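Just below is one structure, and these are the notes that go with it.
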Amino acid sequence: FLSVSLAILLANIVALSFPLSSSAFQNEKKKDSQAKKKKEPPTGTPVLWREPADISSRNLLLGPGGEEMKPDLSKVTFVKEETGGYSKKYRVKDARGRVWVAKIGKEAQSETAAVRLVWAVGYVSEINYLAPRVTIDTKGTFENVRFEARPENIDRLDDPWRWATNPFAGKRELQGLKVLMALMENWDLKDDNNRVLYVKGGNELRYIVSDLGTTFGKTG
């Protein structure tokens, strides 16, 4: 009788242990999968500002992209709608196949101007242009559209950099950027509007204020 009872007890223990082990295994597998999905951020040299030795020669009409990066707007193809932010935005391709984010609305003009001032005094920035009038295939014709470049050699990191904690905290270049934001009346100065751009091959991490659409005062 004792042997039979012991056998039944062992059988129950074995039967109960397998589902528990399987469940634990699945949980561990899920954790490993989630950890793999969240990639480690790339390492590189943080850059916020470079001394501009050529301020007087900088072309404030074309901005940091110059003539070379200008989008070919003879044909603009819609790729997808971009989410987030106040303004309507579309991801598009120009006639040369280069990728851009087209911003439509009030912020387009102020942002294009602000980027040129930020770049002129040495801060790293986006590359953008303003199109007075452009037709986006399947979406329509719009006026005053900002085109912001999405170069293949640059990765945009998911997490924004923070004004309070960053590699430049307490340094003159960061304090200068704060003063510049005040001079341009940027009233939406928050962490979510900042981005880190990783330059592939150059191992450089560019700390930029990505959204400058709310500069030059609040209007409307």
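Under a 1.4 Å probe, what is the accessible area of the range 106-220 per residue, stated in Å²?
Using a 1.4 Å probe on heavy atoms only, each residue of the range 106-220 averages 50 Å².
Could you derive backbone 3J(HN,Hα) for the range 99-114 from the dihedral phi with the Karplus parameters 6.51, -1.76 and 1.60 (θ = phi - 60°), listing whole Hz in sequence and x where the residue is Gly or Pro?
Values per residue, Gly and Pro as x: 9, 9, 10, 8, 9, 10, x, 4, 6, 4, 6, 5, 5, 4, 5, 5 Hz.
Tell me, what HN-Hα J-couplings in whole Hz come from the Karplus equation 6.51 cos²θ - 1.76 cosθ + 1.60 at θ = phi - 60° for each residue of the range 74-85, using x for Gly and Pro?
Result, rounded to whole Hz: 5, 8, 10, 9, 6, 10, 6, 8, 8, 9, x, x.
Could you pull out every residue, at least 5 positions away or on a different chain, whose amide H is within less than 5 Å of the one on Ile127? Hs are placed 1.01 Å off N in the peptide plane, and Pro or chain starts have none.
Close amide H contacts, sequence-distant or interchain: Ala149.
Straight distance only, please: which aspartates and glutamates reach the Cα of Lys89 with their own Cα at less than 15 Å, same-chain residues fewer than 8 apart left out?
Lys89 reaches Glu81, Glu107, Glu111, Asp137, Glu143, Glu148, Asp211.
Tell me the net charge near Phe78. Cut-off is 10 Å between Cβ atoms, Phe78 excluded, with +1 for each Lys or Arg and -1 for each Asp or Glu.
Residues close to Phe78 contribute a combined charge of +2.
Please go through the residue pairs Lys106/Lys200; Lys93/Lys190; Lys70/Lys190; Lys80/Lys139; Lys88/Lys139 and name each one whose alpha carbons sit more than 21 Å apart in this structure.
Lys106/Lys200; Lys93/Lys190; Lys70/Lys190
The values are calculated or read from the model by the stated rules, or taken from the named source; none is laboratory data. Remember, it's a predicted structure, so these values are computed and weren't measured experimentally. Cβ: placed from backbone, ideal geometry, glycine included. Neighbour counts: every protein chain shown. Accessible surface is based on the protein model in full, side chains and every heavy atom, while ligands, DNA and RNA are left aside. Shrake-Rupley method; radii C 1.70, N 1.55, O 1.52, S 1.80 Å.
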